[in-house]
Amino acid sequence: MAQPENLLYSKEHEWVKIDGDIATVGITEYAQSSLGDIVYVELPKTGAHVVQFGNIGVVESVKAVSDLFTPVGGEVVEVNAELDGDPALVNREPFAGGWMLKIRLSDASETARLLSPSAYEQLVAEEAH
Amino acid sequence: MTVASVPVKRTALYDEHRALGARLIPFGGFEMPVQYSSILKEHEAVRRRAGLFDLSHMGQFVLEGEGVAEWVDRLTINNVATIKPMQARYNIFTNARGGAHDDVIFYRLENRWLLVVNASNAGKMWKHLNERAGGSAVNLTNLHGRSALIAIQGPQALAMLAPHAGADLSALKYYFCAEASVYGRPAVIARTGYTGEDGFEIFVDGKYAVEIWRALLADNCATGLEPCGLGARDVLRLEAGMPLYGHELAEDITPLQAGLGWAVKFGKPEFLGKEALLAQQEADDFRRVAGIVMAGRAPAREGYRVFLGDRDVGEVRSGSTAPSVGNRNVATALVEPEAAVVGTAVAVEIRGTKHAATVVALPFYKRS
């Protein structure tokens, strides 16, 4: 399973796309596949301040509740309102329509603590065994 | 550090589950499929067409002898002696406090009884029965892990199974069974299930399980039979208001608390726990299982606290998104009597926030 090349990843299976000082955050294909049918996503509100690797919400499948961690810190500037009515969008398009929130980075250097696509690919390969 | 591990057993269908891409989890001492494709897709298959389940992890005991009915009637709440040959009946083995030791189904065959117990309780139930069998005219055989159990459940189950069954299944009534054959192999076929749909449970020797499983899937794939895991099964049974041992029933949760008073036959001269249950019924002040529907989108989960106003009145025992209840989040909760009244507005605390919910009558779903 190749990982999108234009993203960075966390060990907790979140992805982040950096665009200037705005980071878009979601969970990976591997994460959605492991969780199964997603029925509820609980996210922080716009304006909330979050710290890198902090617990910022939950992603719930039919049978399980999983914590959501943010790969970067900063101010939440937008949350994906579509997930409220259609949480399964995360299953269908984890890297696109199923994005979760946008964060204005407080410290761009935090991205150095994230995984490259190839490093994340290796992590997934190890966890799958 | 040394971790004591319990050896995990496999059913006769383990390789089939692997080949079908199932996600396997330990359950009741066995490695069992929790889902094949998706819990929601499997759930939909059972509600609209049919699903195929491997339930071979469940405990199966054979009881023989003249004294079976009289003996078991003293250990359980429901009537056993009045079960007709080829009839099945739900029952609960109680402890002296009236709590549920296990909930079970008795199948009365021509010259023996088949007792199906929860996988997680199979060990303690085998012990329970053997410790109490002394002096009774009963003979016990444990088929756990040797005899397979395959369920086909859903509105199309009859049409899918009937052509391959050596019995007239359309004439088989709900909670009756037949000693017949499936694909030519000897089988007990029962019209029972745990999904809220019509369906059948097929008891066969483990050595025939694979060929029957494969044949049923191959012959019915065009009409939408899907292998289904324990995940879908749990959602289906919760919607149908059926208790799951360890959740709505336990050693410290009585049948009365679980809303199963209809099964408690106080007219029986004696049974284990009868006095405790009589006293509980008389006092009528016990916490009881209520159905609740969440107002919002956050699911209630096992262990979450339930509030009536500011007062903590109990806890959630099972909870799930319920596709057959308009995709609402439903739950069972063990709550104080005043919070169990249908229509009561309650709140469920989820991660520190109270979420509105309403008490409703069980079951959440009834097939039309």
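The values are calculated or read from the model by the stated rules, or taken from the named source; none is laboratory data. The structure displayed is predicted, hence computed values, not measured ones. Don't worry about glycine lacking a Cβ; one is built from the backbone with ideal geometry, like all the others, and counts go over all protein chains shown. Only protein heavy atoms, including side chains, enter the accessible area calculation; ligands, DNA and RNA are left aside. Shrake-Rupley method; radii C 1.70, N 1.55, O 1.52, S 1.80 Å.
Data for the structure
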quantity: Farthest toward positive dipole pole in segment B:59-142 [+1 Lys/Arg, -1 Asp/Glu at C-beta], among B:101, B:85, B:129; calculated: B:101
quantity: For segment B:287-360, fraction of C-alpha pairs farther apart than 20 Å, in %; calculated: 14
quantity: Residue B:321 - accessible surface, heavy atoms, 1.4 Å probe, Å² rounded to 10; calculated: 10
quantity: FRET efficiency, residue A:93 to residue B:27 (Cβ-Cβ, R0 41 Å, nearest 0.05); calculated: 0.80
quantity: Protein accessible area in chain B, 1.4 Å probe - carbon and sulfur %; calculated: 51
quantity: Loss of accessible area when B meets A, both sides summed, Å² nearest 100, probe 1.4 Å; calculated: 1300
quantity: Heavy-atom surface of segment B:168-290, accessible at 1.4 Å and reported per residue (Å²); calculated: 39
quantity: Per-peptide average of other Cβ atoms within 10 Å, ordering B:229-236, B:141-148, B:200-207 highest first; calculated: B:229-236, B:200-207, B:141-148
quantity: Formal net charge of residues neighbouring residue B:288 (Cβ-Cβ distance under 12 Å; K, R +1; D, E -1); calculated: -3
quantity: Accessible surface of residue B:37 - all protein chains present, 1.4 Å probe, nearest 10 Å²; calculated: 60
quantity: Segment B:317-366 and segment B:242-295: distance between their alpha carbon centers, rounded to Å; calculated: 19
quantity: Over chain B: helical MRE at 222 nm, DSSP H runs n ≥ 4 each giving -39500 (n - 2.57), nearest 500; calculated: -5500 deg cm²/dmol
quantity: Length-normalised contact order for segment B:287-360 - Cα pairs under 8 Å, 6+ apart - percent; calculated: 40
quantity: Largest to smallest accessible area among B:221, B:177 [probe 1.4 Å]; calculated: B:221, B:177
quantity: Segment A:74-112-segment B:23-43 distance, computed between alpha-carbon centres (Å); calculated: 30
quantity: Heavy atoms of residue B:132: accessible area, 1.4 Å probe, square angstrom to 10; calculated: 90
quantity: Student exercise, the protein assembly as shown dipole from Lys, Arg, Asp, Glu Cβ charges, in Debye to nearest 20; calculated: 1260
quantity: Surface/4 of the Cα convex hull for the protein assembly as shown, nm²; calculated: 26.2
quantity: 3J(HN,Hα) from dihedral phi, segment A:32-43, Karplus parametrisation 6.51/-1.76/1.60, rounded to Hz, x for glycine, proline; calculated: 5, 5, 5, 6, x, 4, 8, 10, 6, 10, 10, 10
quantity: Cβ-placed point charges (K, R +1; D, E -1), dipole of segment B:59-142 about Cα centre in debye, nearest 20; calculated: 160
